[in-house]
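A short write-up of the structure that comes next.
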Amino acid sequence: MNGPEIHLEFAPELLLFVPRARPTGRTKAATDGVSSLGHVVESLGVPLTEVGALLVDGREVSAGHVPAAGESVTVRSVAHPQRVPGAPLRFLLDVHLGTLARRLRLLGVDTAYESTDIGDPALAARSAAERRVMLSRDRGLLRRRELWAGAFVYSTRPEEQLGYVLDRFRPELRPWTRCTACNGLLRRVTKDDVADQLKGGTHRTYDVFAQCSACGRAYWKGAHHEQLEAIVQRAVAGTGRDGRP
């Protein structure tokens, strides 16, 4: 390590990104008198989307602070619930988070999803243009400056991913109001309105239908409804009876 040093201590949640700081959470980094503290933290592997308060010798500073030799830095993880500037709260998910996207839509959360890999620059640009929180497991993507906001999805298990996003952002839930296929809003329709999408058994068995106002897809309480209802009930139970934090 060359040049003057600063001492850093990372929150336990951030050690995933900083192997060199394990197991104590502490490490050192060189300073050049020019680079910001945010740049130093990112150079060690931590996306700033995951960083909460930054303390230098016990006082809170911004990511733009230029560290001096010998300073002691505490890097905390982002606080929950995280408040994102602007409203309403909306999300954008990359190609690897399709199941999470469908579950968020099931809960009525405005969730855009790219089913093909359009590349990090395009995803970051869409996040900025539409003011959507970028959810991803791609650390490089989350480090792009043009992002509106972002968050690393720590788990690879959809149920844990959903629980984490709901805990971190506490979005308002409006279950059964969005199309899980395209994110469009659902509206109540008659059986006749969607008859061309129904097979014989479905047409005879069900009487209550909804249809996506964007793509036209029909919905009814079919064979998988109990499984979906369980997902909804767990989510609502974790945020309050009306789906609010």
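Observations
- Within segment 77-89, tally of residues that are touching a Lys or Arg at 6+ places or on another chain (Cβ under 8 Å), surrounded by 13 or more Cβ atoms within 10 Å (Cβ to Cβ) and over 19 Å from PHE17 (Cα atoms): 2
- In summary, THR74 fulfils each of the numbered conditions (1) touching an Asp or Glu at 6+ places or on another chain (Cβ under 6 Å); (2) surrounded by fewer than 17 Cβ atoms within 10 Å (Cβ to Cβ) with the single exception of condition (2).
- VAL133 vs. criteria touching a strand residue (DSSP E or B) at 6+ places or on another chain (Cβ under 9 Å), among the β-branched types (Val, Ile, Thr), in contact (Cβ under 8 Å) with a residue 60 or more places away in the chain and surrounded by 19 or more Cβ atoms within 10 Å (Cβ to Cβ): no
- Of the residues making up segment 30-53, not a single one is under 16 Å from VAL78 (Cα atoms), out of contact with any Phe, Trp or Tyr (no Cβ under 8 Å at 6 or more places or on another chain) and in a loop (DSSP other than H, G, I, E, B).
- Qualifying residues in segment 192-212 (those that are surrounded by 13 or more Cβ atoms within 10 Å (Cβ to Cβ) and polar (S, T, N, Q)) - the one modelled with the lowest pLDDT: THR202
- Residue tally, condition closer than 16 Å to GLU9 by Cα, touching a Leu at 6+ places or on another chain (Cβ under 8 Å), in contact (Cβ under 8 Å) with a residue 24 or more places away in the chain and not hydroxyl-bearing (Ser, Thr, Tyr), over segment 53-93: 6
- Residues located in segment 180-190, provided they are touching a Phe, Trp or Tyr at 6+ places or on another chain (Cβ under 8 Å) and within 29 Å of THR49 (Cα to Cα): ASN183
- Here LEU123 meets the list (1) open to solvent by less than 40 Å² (accessible area, probe 1.4 Å); (2) part of a strand (DSSP E or B) almost entirely, failing just condition (2).
- Matching residues, segment 157-189, being under 13 Å from the mean Cα position of the chain (by Cα) and either open to solvent by 70 Å² or more (accessible area, probe 1.4 Å) or in contact (Cβ under 8 Å) with a residue 40 or more places away in the chain (or both): PRO158, GLU160, GLN161, LEU162, GLY163, VAL165, LEU166, ASP167, ARG168, PHE169, ARG170, PRO171
- Residues that are farther than 21 Å from VAL236 by Cβ, open to solvent by 50 Å² or more (accessible area, probe 1.4 Å) and either acidic (Asp, Glu) or assigned to a helix (DSSP H, G or I) (or both) occur in segment 104-120; there is at least one.
The values are calculated or read from the model by the stated rules, or taken from the named source; none is laboratory data. Everything numeric here is computed off the predicted structure, so don't read it as measured data. Every residue, glycine as well, gets a Cβ built from its backbone with ideal geometry; the counts of neighbours run over all protein chains shown. Heavy atoms of the whole protein, side chains included, go into the accessibility calculation; ligands, DNA and RNA do not. Shrake-Rupley method; radii C 1.70, N 1.55, O 1.52, S 1.80 Å.
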